[in-house]
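Structure first, then comments.
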Amino acid sequence: MHPTRRTLIAASLSIAFALAPLTSIFAASPAPVKGEHGMVVTAQHLASEVGVEVLKKGGNAVDAAVAVGYALAVVYPNAGNIGGGGFMTIRFKDGKSTFLDFRERAPLAATKTMYLDKDGNPVKGASLDGYLAVGVPGSVAGFETAREKYGTLSRQDLMAPAINYAKDGFILDQGDTASFSGSAARLAKDPAAAAIFLKPDGKSYAIGDRLIQPDLAASLAAISEKGPDAFYKGAIADAIVKASGAKGGILARQDFEQYAVRELKPVTCFYRGYEVTSSPPPSSGGVIICEILNVLEGYPLSYLGAGSAETVHVMVEAMRHAYVDRNSALGDPDFVDNPVSKLLDKTYAKDIRDRIDPFRAGVSQDLMPKGFGESKETTHYSIIDNDGNAVAVTYTLNGSFGAGVVADGTGILLNNEMDDFTQKPGVPNLYGLVQGEANAIQPKKTPLSSMSPTVVAKDGKPFMVIGSPGGSRIITITLEAIVNVIDHGMNIQEAIDAPRIHHQWLPDTVYIEPFGLSPDTEKLLAGMGYHLDPSSTTWGQAAGILVGGKSLAEIEKGGGARYNGAIDSRAASGEALGY
Ligand code: GLY
């Protein structure tokens, strides 16, 4: 936006509200964790320890990411997994970057209408519970591809901690048990899942109990010894296919045999001079974060202030426009021609800004595309090593504990990622996303994701590693952490902890955290035409690292710690661990 116009808008907004903040507000947060040689931030403290031990042994950030991925499958079973899939964004010490897509694929027998009844309406729960909801898992293939291409240590070394935690068990603390009790009723429906995650009397595990997973230990040991073939071409695939066939699923041995990881070029964009590297399709994450950042670049967010009505207004409008594109235009790149370069064009961002009324809320129905007829459910971890290799991984079972099913003898929870597809254009999914044809179900296709493992760089050096769970909110959670650091000067912990807002085009509602905005700000926004909802709880648990200081101010002064880690204060069991 032309500076004069920007200044005019900023000035007129301030006059209109007569309440523009004199200074930015800051979140009250614990200090970020410091490290000089490496940093690992995950949603479970034992997994963070596993990652740091790998770094201390001389492994690089990719080695640590693989070991953490397997460890979380044991110690964070509601989202950590080998029965799901995910993404890994790697920025190497030489500034190059890459992206591994090991997300689930639709089974070969999948059809566009597989979740609809004879009248064409979605069957409740069909894409969420049980074997019909399961996509072909990718995590094992993804971790092995990462290790073989970019790691330095053996598979056996990297998997040993996970196998030990599965075999010997680990003591559950308050953060661990919270997720178990919330899913007890669902897990009780599958005898194999109940045998692992519920006590023999059917009750949930309590604080201080030890969770032992011998079947999972055996599956992990087989993968450690024989490699991914043990999962995709051996007894594990057979057991899952057998259970699927017996319980209403459509998974076939061929689905497992054909699974292949894709190595893709990450999405990159520049925001106020910072280079953002994130997930390309089949995730919408990187594209939509960049689209929103491009729109926001034309507004003086730092001047407007964190949490002010003006800032919330322009952020929500940028989100509204970008989520229309997300939900209507993006899909698996092997099936859909994604308009990535258009969506990332700064001119397109300016067109969007020109359509944003400075004083009024937009109306989502007016943006209806042509042709339209977490949270604990995902987990993100951020790692950086002594050489400056940065790895961001987000992986998932989709819903908490996925489809809630375990094939007998495997100990492996299976995902319900099929729910991320469009079941029927215009009908909301688990996250309330209303999506279109580009994300329709097809055999071997990957459902559109929001996962956004992101690395930000400045002047050719890593600056920030960030990502989050949270379903459709992953994008706005990750975005807000970046904006809070770059525009509002928060330190990495404050940036992650700060109250959040979210808008995803439909429903036409601004989700805000309870107590996230002051009553006067809420009144200003309501006066502009916004419908605010402070009741929802799916706000994700971000995990981030800032390089060179805990905040921009400290980096500019010099003298900050080299690595500064922060796990979301919303996370019950996570830890940032440096060394
Ligand atoms: N299952 C959540 C996502 O991939 O966006």
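The values are calculated or read from the model by the stated rules, or taken from the named source; none is laboratory data. Just so it is clear, the model here is predicted, and its values are computed rather than measured. Here the Cβ is made from the backbone with ideal geometry for all residues, glycine too, and neighbour counts use every protein chain on show.
Things to note:
- Residue check, GLY399 surrounded by 23 or more Cβ atoms within 10 Å (Cβ to Cβ), away from the ligand (no atom under 16 Å from the Cβ) and assigned to a loop (DSSP other than H, G, I, E, B): no
- Unmet criterion (only one of (1) surrounded by fewer than 19 Cβ atoms within 10 Å (Cβ to Cβ); (2) within 24 Å of LYS550 (Cα to Cα); (3) out of contact with any Lys or Arg (no Cβ under 6 Å at 6 or more places or on another chain); (4) not basic (Lys, Arg)) for ALA47: (1)
- Being at pLDDT below 95, of a type in the set (D, E, K, R) and either outside any loop (DSSP other than H, G, I, E, B) or farther than 15 Å from ALA392 by Cα (or both) holds for only one residue in ASP101, ASP119, and it is ASP119.
- Residues being within 13 Å of the ligand (Cβ to nearest atom) and aliphatic (A, V, I, L, M) - total across the stretch 402-429: 2
- Any hit, the stretch 180-188, residues being in a loop (DSSP other than H, G, I, E, B) and in contact with a helix residue (DSSP H, G or I) (Cβ under 9 Å, 6 or more places away or on another chain): yes
- Flag for GLY411 being in a loop (DSSP other than H, G, I, E, B) and on the phi > 0 side of the Ramachandran plot: yes
- Within the stretch 242-265, residues that are farther than 30 Å from TYR150 by Cβ and basic (Lys, Arg) have Cβ atoms under 6 Å from residues that are buried (at least 22 other Cβ atoms within 10 Å of the Cβ) and modelled with pLDDT of 95 or more in these pairs: LYS247/TYR131, counting only partners at least 6 apart in sequence or on another chain.
Here's the yes/no breakdown for (1) part of a loop (DSSP other than H, G, I, E, B); (2) within 16 Å of the ligand (Cβ to nearest atom); (3) more than 22 Å from the chain's Cα centre (by Cα):
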residue: GLY286; (1), (2), (3): no, yes, no
residue: GLU291; (1), (2), (3): no, no, no
residue: ARG320; (1), (2), (3): no, no, no
residue: ARG326; (1), (2), (3): no, yes, no
residue: ILE352; (1), (2), (3): no, no, yes
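- Residues within the stretch 328-350 that are among the polar types (S, T, N, Q), crowded, with 18+ Cβ neighbours inside 10 Å and in a helix (DSSP H, G or I), tallied: 1
- Filter result for ALA361 (crowded, with 21+ Cβ neighbours inside 10 Å and either polar (S, T, N, Q) or not in a helix (DSSP H, G or I) (or both)): yes
- Scanning the stretch 545-579 for residues that are surrounded by 19 or more Cβ atoms within 10 Å (Cβ to Cβ), among the aliphatic types (A, V, I, L, M) and at pLDDT 95 or above yields ILE545, LEU546, VAL547, LEU552, ALA561, ALA566, ILE567, ALA576, LEU577.
- Any hit, the stretch 275-290, residues being surrounded by 24 or more Cβ atoms within 10 Å (Cβ to Cβ), closer than 30 Å to ALA146 by Cα, in contact with a Gly (Cβ under 7 Å, 6 or more places away or on another chain) and β-branched (Val, Ile, Thr): no
- Pairs meeting the criteria (first residue in the stretch 439-453 and farther than 9 Å from ASP332 by Cβ and at pLDDT below 95, second residue away from the ligand (no atom under 11 Å from the Cβ) and not acidic (Asp, Glu), beta carbons under 7 Å, at least 6 apart or on different chains) are ALA440/LYS112; ALA440/THR422.
- Positions within the stretch 373-396 being touching a Gly at 6+ places or on another chain (Cβ under 9 Å) and more than 14 Å from the ligand (Cβ to nearest atom), in sequence order: GLY373, TYR381, SER382, ILE383, ILE384, ASP385, ASN386, ALA392
- From the list ALA542, ALA526, the lone residue that is at pLDDT 95 or above, over 27 Å from VAL134 (Cβ atoms) and within 22 Å of the chain's Cα centre (by Cα) is ALA542.
- Restricting attention to the stretch 258-284, the residues being of a type in the set (Lys, Arg) and either within 16 Å of the ligand (Cβ to nearest atom) or in contact with an Asp or Glu (Cβ under 7 Å, 6 or more places away or on another chain) (or both) number 2.
- Among (1) among the polar types (S, T, N, Q); (2) over 24 Å from the mean Cα position of the chain (by Cα); (3) within 16 Å of the ligand (Cβ to nearest atom) - the single one SER308 does not satisfy: (3)
- Within the stretch 430-486, being of a type in the set (D, E, K, R), within 16 Å of the ligand (Cβ to nearest atom) and part of a loop (DSSP other than H, G, I, E, B) holds for one residue alone: LYS445.
- Where strands (runs of 3 or more DSSP E) fall entirely within the stretch 505-579, those with at least 3 residues that are of a type outside the set (Ser, Thr, Tyr) are at 543-547, 563-567, 575-578.
- Test: residue in the stretch 453-471 that is touching a Pro at 6+ places or on another chain (Cβ under 7 Å) and within 24 Å of VAL510 (Cα to Cα): yes
- Hits in the stretch 78-114 - residues which are hydroxyl-bearing (Ser, Thr, Tyr) and within 16 Å of the ligand (Cβ to nearest atom): THR89
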